[in-house]
Each structure stands twice: as C-alpha cells, then as structure tokens.
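Please read the structure below before turning to the comments.
The values are calculated or read from the model by the stated rules, or taken from the named source; none is laboratory data. Here the structure is a predicted model, which is why all the values come from computation and not from measurement. Every residue, glycine among them, receives a Cβ derived from its backbone with ideal geometry; neighbour counts consider all protein chains shown. Areas reflect the complete protein model, heavy atoms only, side chains present, ligands, DNA and RNA absent. Shrake-Rupley method; radii C 1.70, N 1.55, O 1.52, S 1.80 Å.
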Amino acid sequence: MNFELPILAPSILAADFSKLGANIEDAVKGGASWIHCDIMDGHFVPNISFGPSVVKAAKKSAPEAFLDVHLMIENPDDYVEGFVEAGADLISVHYETCPHLHRSIQNIKKYGLMSGVVVNPATSLHNIEPILEEVDLVLIMSVNPGFGGQSFIESSYEKLKQLAQLREEKELSFLIQVDGGVNLKNIQKVADAGADVLIAGSSVFSADDITARVEELTAKMS
Ligand code: DX5
Ligand code: ZN
C-alpha cells in the first residue's frame, strides 16, 4: 500500500465514547486517514479498553479510514480473527506478548492484512531485528502502554533515529510508527526523528474542536 507520509493516526482511546461516531467523523474531516484502536486486556497492561465490537463501530463511522489495531493483550493470536472480521486493516502485536513472534506475524498476514510489531520503551530494537523483513510496520512505544495522556519518554527520539538507520542499512520499507505523548509541542521533533505514522490520543480528542486540532497537528508535522 502506498501512503502519503507522515500520517497522523488519532487514537480513539481518548474519544468521548458517548459520541464516538461523531468524534471519529470530526477527526476524518480534519484529514485523518488512519484511526488507531488501542486494545487492552487488564493483563498485559493494567487497563481494560474495548474489543472488536467497538472496532466494528469505528469502521462503520468512517468506512474510508484505515483502521490500525494495536493489541496490548496476552495471547494475541487467539483474537486476531475477531479484529479482522471487525474491519481492521492493520494489526500490531507486542514483542513482549509473543514468545513465537514469527508465527504471530504470519497469523496476521494470512488474512491479507498489514502486520506490525510493537516494542515497549525498555525493549531494545535488537530483539526485533530478526523479524524486520516480515513486518509492514514497527511501532515504538514512547510511553509505557496502558493509558493515554502520559508524557513522551525522551529516549524515544534516539530509538526512532536508530530504527530509521536500521531500515536504511537493511534496505527495508516498513513504516515507523510512534505511540504516546505526542502533542502540539513535540510533534514536529517526533516526525523529524523519523516517525512515518504518529499516533495522538488526548491531544486530538481533548480539543474543543477536533477537526481543527487534527489540521493543526498535521500542519506541524509536515
Ligand atoms: C497507550 C496507547 C496509546 C495512547 C496514546 O497505551 O497505546 O495509543 O492512546 O495516547 P496519548 O496520545 O494521550 O498519549
Ligand atoms: Zn496505541
């Protein structure tokens, strides 16, 4: 798939769930072409969010948007099919939850979807080097997963640069995504460090005017 980079991917974790459809439509109106769905199970991360039925509702609200599903759950392989049926276009799994990571990635790919691998802030990129050829996207967590509204961990800039360098050395083409603490102040610096897809939750959905905020964030990163 060809994308115009960089991309802003609003995370609906921070949306007002009593008007989820309207929040998503507002984000799309502002130019958001990706919608990020954070799936949390209360085991891998200390929070519970939502499952396939909400992803399906998001797809219904914005059928033209690319649905990016980030699984922060144990045994992710068991749930992939449900999210595929719900309309996911890309599914990412954490290195930390997949003892058989290669198998987990193949399991996503067999549905014809894009696949991603995610690393926590304390996980070194060396751990995922063997899988880089297999994935369409690598997500660098710039906060410890589980909650929206946390501060961007500064060492993530260096990690983004390292990953971009690794991609060049290996002549690969996976997308580089970053998640957590991206806001109006740092979005430019995060994009400059090498991120292709920037996730933003609270900085998008806490705005009074979601459409204007998406436009503002997008203008700053390009
Ligand atoms: C954290 C989630 C993030 C989160 C980002 O576990 O993966 O996607 O929603 O939220 P903000 O942008 O508020 O840090
Ligand atoms: Zn996420």
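Worth pointing out:
- The set of residues in segment 120-134 being of a type in the set (Ser, Thr, Tyr) and either surrounded by 21 or more Cβ atoms within 10 Å (Cβ to Cβ) or within 16 Å of ligand 1 (Cβ to nearest atom) (or both) consists of Thr123 alone.
- Lone qualifier among Leu71, Leu8, Leu13 - being buried (at least 20 other Cβ atoms within 10 Å of the Cβ), within 14 Å of ligand 1 (Cβ to nearest atom), at pLDDT 95 or above and in a helix (DSSP H, G or I): Leu13
- Apart from one condition, Ser222 fits all of (1) surrounded by 18 or more Cβ atoms within 10 Å (Cβ to Cβ); (2) in contact (Cβ under 8 Å) with a residue 60 or more places away in the chain; the exception is (1).
- The residue of segment 36-68 that is surrounded by the most Cβ atoms within 10 Å (Cβ to Cβ), among those that are touching an Asp or Glu at 6+ places or on another chain (Cβ under 7 Å) and among the aliphatic types (A, V, I, L, M), is Leu67.
- Taking the criterion of being open to solvent by 10 Å² or more (accessible area, probe 1.4 Å) and part of a strand (DSSP E or B), the only residue of segment 79-119 that qualifies is Met114.
- Test: residue in segment 192-208 that is under 19 Å from Pro6 (Cα atoms), open to solvent by 50 Å² or more (accessible area, probe 1.4 Å) and more than 10 Å from ligand 1 (Cβ to nearest atom): yes
- Taking first residues from segment 25-47 that are within 21 Å of Ala86 (Cα to Cα) and within 9 Å of ligand 1 (Cβ to nearest atom) and partners that are open to solvent by 40 Å² or more (accessible area, probe 1.4 Å) and part of a loop (DSSP other than H, G, I, E, B), the Cβ contacts under 8 Å between residues at least 6 apart in sequence or on separate chains come to Asp38/Gly148; Met40/Asn47.
- Within the option set Leu137, Leu184, being surrounded by fewer than 21 Cβ atoms within 10 Å (Cβ to Cβ), more than 24 Å from Leu71 (Cβ to Cβ) and at pLDDT 95 or above holds for one residue only, Leu184.
- Residues (part of a helix (DSSP H, G or I) and under 16 Å from Thr218 (Cα atoms)) located in segment 25-40: Asp26, Ala27, Val28, Lys29
- Residues located in segment 191-222, provided they are of a type in the set (Ser, Thr, Tyr) and within 19 Å of the chain's Cα centre (by Cα): Ser202, Ser203, Ser206, Thr218, Ser222
- Test for Leu163: is it over 18 Å from the mean Cα position of the chain (by Cα), within 19 Å of Pro6 (Cα to Cα) and more than 16 Å from ligand 2 (Cβ to nearest atom): no
- Options Ser124, Ser156, Ser142, Ser151: the member that is at pLDDT 95 or above, away from ligand 2 (no atom under 16 Å from the Cβ), more than 17 Å from Leu172 (Cβ to Cβ) and not charged (D, E, K, R): Ser124
- Lone unmet requirement of (1) in a loop (DSSP other than H, G, I, E, B); (2) in contact (Cβ under 8 Å) with a residue 12 or more places away in the chain for Leu20: (1)
- Residue in segment 154-181 that is least open to solvent (accessible area, probe 1.4 Å), counting only those that are without any contact (Cβ under 8 Å) to a residue 40 or more places away in the chain, within 15 Å of Val119 (Cα to Cα) and of a type in the set (S, T, N, Q): Ser156
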